[in-house]
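Undergrad: Dumping the structure here so I can ask a few things about it.
The values are calculated or read from the model by the stated rules, or taken from the named source; none is laboratory data. Computed from a predicted model, the values in this text were never measured in an experiment. Cβ sites come from the backbone with ideal geometry, for glycine too, and all protein chains shown count toward neighbours.
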Amino acid sequence: MNLYVVALFKFNENYLMEAVERFQILVRETRKEEGCLQYDLIEDKNNKGTFFMVELWESEEHLNRHNGQDHLLDFRRDVSKMLESSTQIYKGSKIL
């Protein structure tokens, strides 16, 4: 069963350009992963510095493999100092 994930990031405005650079690497590398069906970065149009990563994975197993990838671990390390608050992550399955 496919797994949907939405991750919410809130960045300090001083780091927006750097954050987008880090996101570009993360998105490019993640889209190459087996089991990745969608991996899109969305910027909230009403809240500067707020981004949503919209993900679709073939399975939870694929997501678990993604969570151990170097490009994701590097991203987490690099942006930790740029975030205003902790990243929120929501996982679910399509019901309709």
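Undergrad: For residues in region 47-64 being assigned to a helix (DSSP H, G or I) and out of contact with any Asp or Glu (no Cβ under 7 Å at 6 or more places or on another chain), which is nearest to VAL27 (Cα to Cα)?
TA: Residue satisfying both the conditions and the ranking: LEU63.
Undergrad: May I ask you to list the residues in region 25-46 that are assigned to a strand (DSSP E or B) and either under 19 Å from HIS71 (Cβ atoms) or not charged (D, E, K, R) (or both)? I'd like the intermediate steps shown before the answer.
TA: From region 25-46, those assigned to a strand (DSSP E or B) are 36-43; that's our starting set.
Answer for region 25-46, where residues must be assigned to a strand (DSSP E or B) and either under 19 Å from HIS71 (Cβ atoms) or not charged (D, E, K, R) (or both): CYS36, LEU37, GLN38, TYR39, ASP40, LEU41, ILE42.
Undergrad: Among (1) within 17 Å of LYS94 (Cβ to Cβ); (2) in contact with a strand residue (DSSP E or B) (Cβ under 8 Å, 6 or more places away or on another chain), there is one condition ALA19 misses while meeting the rest; what is its number?
TA: So ALA19 meets the others, but not (1).
Undergrad: Here's a follow-up. Which members of region 58-83 meet the condition of being more than 12 Å from the chain's Cα centre (by Cα), within 20 Å of GLY35 (Cα to Cα) and without any contact (Cβ under 8 Å) to a residue 12 or more places away in the chain?
TA: Residues of region 58-83 that are more than 12 Å from the chain's Cα centre (by Cα), as a first pass: 58-62, 64-65, 68-70, 74, 77-78, 80-83.
So of that shortlist, the ones also within 20 Å of GLY35 (Cα to Cα) come out as 58-62, 64-65, 68-70.
Selection gives ASN64, GLY68, ASP70.
Undergrad: Out of everything in region 1-24 that is within 11 Å of the chain's Cα centre (by Cα) and in a helix (DSSP H, G or I), what residue ends up being nearest to ARG77 (Cα to Cα)?
TA: Here is the first cut: in region 1-24, the residues within 11 Å of the chain's Cα centre (by Cα) are 5-9, 22-24.
Then keep just the ones that are in a helix (DSSP H, G or I); that gives 22-24.
Numbers: ARG22: 11, PHE23: 12, GLN24: 15 Å.
Of everything passing the filter in region 1-24, ARG22 is nearest to ARG77 (Cα to Cα).
Undergrad: Right, another one. When the residues of region 26-52 are filtered to those that are of a type in the set (Lys, Arg) and over 23 Å from TYR15 (Cβ atoms), which remaining residue is surrounded by the most Cβ atoms within 10 Å (Cβ to Cβ)?
TA: Going residue by residue through region 26-52, those that are of a type in the set (Lys, Arg) are 28, 31-32, 45, 48.
Narrowing the set further to residues that are over 23 Å from TYR15 (Cβ atoms) leaves 31-32.
Working: ARG31: 12, LYS32: 10.
Per the stated criteria, the residue is ARG31.
Undergrad: Count, please, the residues in region 1-47 that happen to be touching a helix residue (DSSP H, G or I) at 6+ places or on another chain (Cβ under 7 Å) and at pLDDT below 95.
TA: Narrowing region 1-47 to residues touching a helix residue (DSSP H, G or I) at 6+ places or on another chain (Cβ under 7 Å): 3, 5, 11, 19, 22, 25-26, 29-30, 33-36, 39, 41.
When the remaining residues are screened for being at pLDDT below 95, the result is none.
Going through region 1-47 one residue at a time, the tally reaches 0.
Undergrad: Return the residues of region 63-87 that are under 16 Å from TYR4 (Cβ atoms) and either buried (at least 17 other Cβ atoms within 10 Å of the Cβ) or of a type in the set (Gly, Ala, Ser) (or both); say none if nothing qualifies.
TA: Of region 63-87, the ones under 16 Å from TYR4 (Cβ atoms) are 63-64, 66-67.
Within region 63-87, LEU63, HIS66 qualify.
Undergrad: Continuing with the same structure: Take LEU96 and decide whether it is of a type outside the set (Asp, Glu) and surrounded by 15 or more Cβ atoms within 10 Å (Cβ to Cβ).
TA: Working: of a type outside the set (Asp, Glu): yes; surrounded by 15 or more Cβ atoms within 10 Å (Cβ to Cβ): no.
Spelling it out, it is not the case that LEU96 is of a type outside the set (Asp, Glu) and surrounded by 15 or more Cβ atoms within 10 Å (Cβ to Cβ).
Undergrad: Identify, by number, the condition in (1) surrounded by 12 or more Cβ atoms within 10 Å (Cβ to Cβ); (2) outside any loop (DSSP other than H, G, I, E, B) that TYR90 doesn't meet.
TA: Unmet condition: (1).
Undergrad: Those residues that are touching a residue at least 60 places away in the same chain (Cβ under 8 Å) and over 13 Å from the mean Cα position of the chain (by Cα), I need them from region 84-96; list them, please. Write out each step before concluding.
TA: Pass one, region 84-96, residues touching a residue at least 60 places away in the same chain (Cβ under 8 Å): 84-85, 87-94.
Within region 84-96, GLU84, SER85, GLY92, SER93, LYS94 qualify.
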